[in-house]
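Everything on this sheet refers to the single structure shown next.
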Amino acid sequence: MKELMFSQAENAAFDEEMARDPSVFILGEDIGLYWGGPFGQFRGLIEKYGPRRVRETPISEKAILGGGIGAAAAGMRPCSAMMFVDFLGCAFDEMVNQLQMRYMFGGKIKLPLTILAGIGAGRSTAAQHSKSMLGLLMGVKGLKIVVPSTPYDAKGLLKTSIRDDNPVLFLSHKMLTPIKNKIPDEEYLIPLGKADVKREGKDVTVVATAWMVHVALAAAAKLESEGISVEVVDPRTLVPLDKQTILDSVKKTSRLVVISEEPKTGSSAGQIAAMVAEEGFDYLDAPIRVIGCPDTPVPFSPVLEKYYVPDEARLIKTIKEIV
Amino acid sequence: MEISKEKLLDMYRTMLRIRRFEEKCSKEFAAGRIPGTVHLYIGEEAIATGACACLNTDDYITGTHRGHGHVIAKGGHTDRMMAEIYGRKTGYCKGKGGSMHIADPDLGILGANGVVGGGICVASGAGIACQMKEKGQVVVCFLGDGSTNEGAFHEGVNLASIWNLPVLFVIENNLYAEKTRITDTTKIIDLADRCKSYGIPGVSIDGNDVLKVYETVGGAVARAREGKGPTLMECKTYRWRGHFEGDQQGYKAKEEVQAWMQKDPIPRFRAHLTSNRIVADAEADAIDREITDEIENAVKFALDSPFPAPEETEEDVFA
């Protein structure tokens, strides 16, 4: 058992999977000797596995993602490192037109590709380095989406993502970087499509992903002293979505708040709320509430950004309105 | 360069197979029997044929929206292709892809592609796999003149060049990108000149000369197999048909079309074969009849095939 930060847990997952399977390799910009990725998640890998398996690319997002697709189609198991999810904008054709090879080809090909990207606001990096785009990305078909909230989950989910025979988008929220977990020495995998109840409660269900899980846990701790018991469900993967765990929780608590860090229109939170409205309406004793960001790009100034990102106070206020 | 009679006849058959397949598609589309749209390769047969004649089954190709010729040249079966174009269950993609997405990974065909330039970065990626697997495989990326103005062209070719990937980029310059002349959108005359930006070899050749294509691609493929990296090749040719079937082509001068039809790559190759006594006229005619029958049977196979069940829409998203 050792304590690892989020990016160290990811690093351990890469290391184990690259050691296990010679077809696993990473391509992306600044992932090698001089930086090891913006959060150090690739540090040490190039020294251990060499430049053919830790391939430092030009700043060419179409080539990083399209190259990953082509390599996967031809039998490798690549990880395309996009740096931040915002930069997927430069590779949107690859994302929405090329990644769908399996379906277009009638199921005749496997694309074992992991797409890595950082997400999230909180560091004043403004509109082009801070998005999460979860709802938008849920609209991309043929793509699994993993959004871990802890180092423990990150390691187990990343290993599973790399072993999956489909394109998997693995999103790492930048505010999770300093969080530490005890990580077992022995290998473990976490399946895609299995939510985790991060805190049990009985009065209201809060569904949250990535950094919002920690906002929800902090709110739940405060509300406990006021006699409100909050259950926090972390889907961990948005595609596939573990509907059952969410519905079971709502059945128990009869109330639902979905919170996600992205503009509310078209958000993953909206999708989850719609699913519960359709499939779990009879369990509800109060209207579903959705908390998101304003329908704006991400602002820069710390004052504006603080207003933009949903926080504990907003969540507490919303919960009190329906409990 | 010594080429066996068998190889020469294979190439002749392939060119004719593409021509007759496309002529049939044109008729069937005009009759309203083919859904969607088709982009035909008539006039450009020498390129796919000459290039794929240099490849093994485990080599890869990526194609374009004008992709029937690439698939046929790489060994695609015309019956399953036709069934796909007709949206049938027996088609290469079980009716999920259609004309613009015919693929067969078992033949190394990573798909025709509905997006201009969409296959370029994918080809470089397949090149990474070939390089890492060290089995001497190569990738031929077919692309149109229009795609050389896409960002994907720069990113994909540059990546192949810096890593010496075994990828051959074959530009089929048929003079028109959709309905716009390439000379209206590009300042250079020889598109292979763009090789200079990537520090790789480049060559512009007559794309209607199948033997020239075969010889040039052969050299570039050999170079790639030796680990010496990519080549940029421009094959100058002409698109006889419109961008898509039904395109009225008001943007083309009649004289231009007629002049290029005089340079038809198929009679030209046949003349080479007969004048060099490689094949007699009677044998060449027999090949034509044999191919014509094959294409008739392909249409019959398609029409006799069932449509997929509607619920199959929801299958094949994930492995």
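Bear in mind these aren't lab numbers, they're just calculated from the coordinates by the rules spelled out. Everything numeric here is computed off the predicted structure, so don't read it as measured data. Glycine gets a Cβ as well: all are built from the backbone with ideal geometry, and neighbour counts include every protein chain shown.
Most mobile of A:Ala218, A:Ala269, A:Ala121 per a Gaussian network model of chain A (Cα springs, under 10 Å)?
Looking only at A:Ala218, A:Ala269, A:Ala121, the biggest GNM fluctuation is shown by A:Ala218.
Name the shape class, rounded, prolate or oblate, that the alpha-carbon gyration tensor gives for segment A:160-315, where a ≥ b ≥ c are the square roots of its eigenvalues, rounded holds for a/c under 1.5, and otherwise prolate holds if a/b is larger than b/c and oblate otherwise.
rounded
I want to verify a result. In a Gaussian network model of chain A, Cα cutoff 10 Å, which of these has the top mean-square fluctuation: A:Glu262, A:Glu16, A:Glu231?
In this elastic network of chain A, the residue with the biggest mean-square fluctuation among A:Glu262, A:Glu16, A:Glu231 is A:Glu16.
How high is the relative contact order of segment B:209-319, in percent, counting Cα pairs under 8 Å that sit 6 or more residues apart? Before the final figure, lay out the partial values.
Details: 21 pairs, mean separation 22.7, N = 111.
Contact order relative to length: 20 percent.
Please list the non-local residues whose amide H lies under 5 Å from the amide H of A:Ser172, H modeled 1.01 Å from N, same-chain partners needing a gap of 5 or more.
Residues meeting the amide H criterion: A:Ala117, A:Gly118, A:Ile119.
Identify the residues of segment A:87-107 with backbone N under 19 Å of a label point that sits 7 angstrom from the Cα of B:Ala309 along the Cα-to-Cβ direction, or state none.
What the label zone holds, given the 19 Å backbone N cut-off, is A:106-107.
Computed FRET efficiency, Cβ-Cβ of B:Arg277 and B:Lys7, R0 22 Å: what is it to the nearest 0.05? Mind showing how you got there, number by number?
On the way: r = 16 Å, r/R0 = 0.74.
E between B:Arg277 and B:Lys7, to the nearest 0.05, is 0.85.
Only counting other Cβ atoms within 10 Å, I'd like A:Met1, A:Met175, A:Met212 sorted with the fewest neighbours first.
Result, fewest neighbours first: A:Met1, A:Met175, A:Met212.
In whole Å, what are the extents of chain A along the principal axes defined by its C-alpha atoms, from largest to smallest?
Here the spans come out as 57, 43, 41 Å, largest first.
How big is the charge dipole of segment B:184-302 about its Cα centre, in debye rounded to the nearest 20, if each Lys and Arg gets +1 on its Cβ and each Asp and Glu gets -1 on its Cβ?
Dipole size: approximately 600 debye.
Rounded to two decimals, what is the ratio between the C-alpha radius of gyration of segment B:5-302 and 2.2 N^0.38 Å?
Details: Rg = 18.0 Å, N = 298, 2.2 N^0.38 = 19.2 Å.
In units of the 2.2 N^0.38 Å rule of thumb, it is 0.94.
Among B:Lys74/B:Lys94; A:Lys108/B:Lys228; A:Lys110/A:Lys131, which pairs are too far apart, with a Cα-Cα distance over 22 Å?
Over 22 Å Cα-Cα: A:Lys108/B:Lys228; A:Lys110/A:Lys131.
Tell me the relative contact order for chain A as a rounded percent, counting alpha carbon contacts under 8 Å between residues six or more apart.
With pairs under 8 Å counted, the relative contact order is 17 percent.
If Rh is defined by the Kirkwood formula over all Cα pairs and Rg also comes from Cα, what ratio Rg/Rh do you get for the protein assembly as shown?
Looking at the protein assembly as shown, the ratio lands at 1.04.
Would you list which lysines come within 20 Å of B:Lys236, measuring only between C-alpha atoms, while excluding same-chain residues fewer than 8 positions from it?
Within reach: B:Lys179, B:Lys187, B:Lys196, B:Lys212, B:Lys252, B:Lys254, B:Lys263.
Hey, got the average number of other protein chain Cβ atoms within 10 angstrom for residues in B:105-115?
4
Pop out the Kirkwood hydrodynamic radius of segment A:104-163 from its pairwise C-alpha distances, inverse of mean 1/r, in Å to one decimal. List each step's numbers first, then the result.
Details: mean 1/r = 0.0725 Å⁻¹.
This gives a value of 13.8 Å.
Which ³J(HN,Hα) values in Hz, rounded to whole numbers, follow from the phi angles of segment B:30-43 under the Karplus curve 6.51 cos²θ - 1.76 cosθ + 1.60, where θ = phi - 60° and Gly and Pro get x?
Running phi through 6.51 cos²θ - 1.76 cosθ + 1.60 with θ = phi - 60° gives 4, 7, x, 8, 10, x, x, 8, 9, 10, 9, 9, 4, x Hz.
For B:Glu134, project a label point 7 Å along Cα to C-beta. Then give me every residue of segment A:1-41 with its amide nitrogen under 18 Å of that point.
Flagged as within label range: A:19-26.
If every alpha-carbon in segment A:229-323 counts as one equal scatterer, what log10 I(q)/I(0) does Debye give at q = 0.21 1/Å?
The Debye formula, applied to the Cα set alone, gives -1.09.
What is the Cα centroid distance between segment B:256-276 and segment A:55-128, reported in whole angstrom?
Cα centres, segment B:256-276 to segment A:55-128: 44 Å.
Please identify, among A:Thr237, A:Thr296, A:Thr150, the residue showing maximal mean-square fluctuation in a Gaussian network model of chain A using a 10 angstrom Cα cutoff.
A:Thr296
Can you list residues whose amide H is under 5 Å from A:Thr150's amide H, if they're 5+ apart or on another chain and H is modeled 1.01 Å from N?
For A:Thr150, whose amide H was placed from the backbone, there are no distant partners under 5 Å.
Among A:Phe6, A:Ala127, A:Met138, which residue has its Cα positioned farthest towards the positive end of the charge dipole of segment A:1-160, with +1 placed on the Cβ of Lys and Arg, -1 on the Cβ of Asp and Glu, and the dipole taken about the Cα centre?
Positive-end residue among those listed: A:Met138.
How many angstrom lie between the C-alpha centres of segment A:1-46 and segment B:88-112?
Centre-to-centre (Cα) distance: 36 Å.
Going by how many other Cβ atoms sit within 10 Å of their own, how do B:Arg270, B:Arg66, A:Arg55 line up, fewest first?
B:Arg270, A:Arg55, B:Arg66
Find, to one decimal place in angstroms, the Kirkwood hydrodynamic radius of segment A:1-131, where the mean of 1/r is taken over every pair of different Cα atoms and then inverted.
About 15.4 Å for segment A:1-131.
Starting from the Cα of A:Lys243, draw a straight line to each of the lysines and keep only those under 21 Å, dropping any in the same chain fewer than 8 residues away.
Excluding near neighbours in sequence, the set is A:Lys141, A:Lys144, A:Lys194, A:Lys198, A:Lys202, A:Lys251, A:Lys252, A:Lys264.
What is the average number of partner chain Cβ atoms found within 10 Å of a Cβ in A:95-105? Write out the running numbers ahead of the final one.
Working: counts 0, 1, 4, 10, 0, 4, 8, 5, 9, 13, 14.
Mean shielding count: 6.
Shape of segment A:180-258 from its Cα gyration tensor (a ≥ b ≥ c, root eigenvalues): rounded if a/c is under 1.5, otherwise prolate when a/b > b/c, or oblate?
Numbers: a/c = 2.20, a/b = 1.35, b/c = 1.63.
Judged from the Cα gyration tensor, segment A:180-258 comes out oblate (a/c at least 1.5, b/c at or above a/b).
Using a 10 Å cut-off on Cβ atoms, rank the peptides B:301-310, B:37-46 from the highest mean neighbour count down.
B:37-46, B:301-310
Once you place label points 7 Å from the Cα toward the Cβ at A:Ala126 and A:Val96, how far apart are they in nm?
That separation, rounded to one decimal, is 2.5 nm.
Give me the Debye-computed log₁₀ of I(q)/I(0) at q = 0.20, 0.21 Å⁻¹ for segment B:158-201, equal point scatterers on Cα only, no solvent, two decimals.
Those come out to -0.74, -0.78, one per q.
Please turn the phi angles of segment B:228-236 into ³J(HN,Hα) values with the Karplus equation 6.51 cos²θ - 1.76 cosθ + 1.60 (θ = phi - 60°), one per residue in order, whole Hz, x for glycine and proline.
Using θ = phi - 60°, the values come out as 8, x, x, 10, 9, 10, 10, 10, 7 Hz.
Report, by chain and number, residues whose modeled amide H sits under 5 Å from the one on A:Leu256, excluding near sequence neighbours (fewer than 5 apart, same chain).
Long-range HN contacts for A:Leu256: A:Thr205, A:Arg289.
Under the Kirkwood approximation for Rh and a Cα-based Rg, what ratio Rg/Rh is obtained for segment B:119-259? List each step's numbers first, then the result.
Details: Rg = 15.7 Å, Rh = 15.6 Å.
Taking Rh as the inverse mean 1/r over Cα pairs, Rg/Rh reads 1.01.
I'd like the GluC sites (Glu not before Pro) in segment B:167-221 restricted to DSSP loop residues with at most 15 other Cβ atoms within 10 Å, sorted by number.
Numbers: sites: B:Glu172, B:Glu178, B:Glu215; in loops: B:Glu178.
Those satisfying the criteria are B:Glu178.
How big is the Rg/Rh ratio for segment A:83-195, C-alpha atoms only, Rh by Kirkwood, two decimals?
On the Cα set of segment A:83-195, Rg over Rh gives 0.99.
Along segment B:74-87, what does the Karplus equation 6.51 cos²θ - 1.76 cosθ + 1.60 (θ = phi - 60°) give for ³J(HN,Hα), rounded to whole Hz, x for Gly and Pro?
Running phi through 6.51 cos²θ - 1.76 cosθ + 1.60 with θ = phi - 60° gives 7, x, x, 8, 5, 5, 5, 5, 4, 4, 5, 5, 7, x Hz.
In percent, what relative contact order does segment A:182-256 have, based on Cα pairs under 8 Å that are 6 or more apart in sequence? List each step's numbers first, then the result.
Details: 125 pairs, mean separation 32.2, N = 75.
The value is 43 percent.
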